[in-house]
1. So for segment 62-81 (the condition being in a helix (DSSP H, G or I) and modelled with pLDDT of 90 or more), does at least one residue qualify?
2. Applying the selection to segment 88-139, what residues are farther than 12 Å from Tyr151 by Cβ, among the aliphatic types (A, V, I, L, M) and in contact with a helix residue (DSSP H, G or I) (Cβ under 8 Å, 6 or more places away or on another chain)?
Amino acid sequence: MSRRPCHEEAALRVHVRRGHQGIWEAIRARQRDAAWSVRDIWRETGIQAPESVRDYVRRLERAGYVERAGHVAREDDRTGRAQAALYRLVRDAGPEAPRLRRDGTESPPTAQEAMWRTLRMIGRDGVTADDLVVMASTEAVPVTRGTAASYLRHLCRAGYLRVVEDGKPGHRPGTGRPARYALRAGRNTGPRAPMIVRLSHAVWDPNTGQFAGHVEADVSGGGRG
């Protein structure tokens, strides 16, 4: 299988940085008491659909992160009959975008977020896919062994992990030994989980804003687990 340097995947970066995280970063970049509209944030993020911005702002409002700060006449109607709501950030949760349902309640962490959190806590000691299944699973978001093994392999190829014990296949169910990985020194890049970009199988690190390592373009077969 051919290998593709991650800098060749840089064109994907703008797509990865969109979504709720891009909206949240644009909101936080404004001065604390500055009022803004959905249209302002839409222009700054480059997100194609203004409704995507409007939907997330509604979630933030329901959760108490932003509040209404008046109205302004829309640019397409200077008569003042058509008005756009203005908002203000009143609760700054930090650089990571709040994960919210439509009603404003908190969403549970994804499987990748839960696994990365576990790796940051105990990864220096070495973990297996089975360890992640036990320690990262929640009732709301269970982690399967296949998901855990895939995430570990991707992070290893991207340079976050090293293999400390090779896996050994078993001839019967329940036999064999899973590979054990340890977090490399200096690769605990931050609280936000490095994500597997499914389109390219590259690893995107939202903490550094970069793709990581040299990642196989096709990783559907083989690998340690």
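The values are calculated or read from the model by the stated rules, or taken from the named source; none is laboratory data. A quick note: this is a predicted structure, and the numbers were derived from the prediction, not measured. Reconstructed Cβ throughout: ideal geometry from the backbone, glycine too, with neighbour counts over all protein chains shown.
1. Yes, segment 62-81 has at least one match.
2. Correct list: Leu89, Ala97, Leu100, Ile122, Met135.
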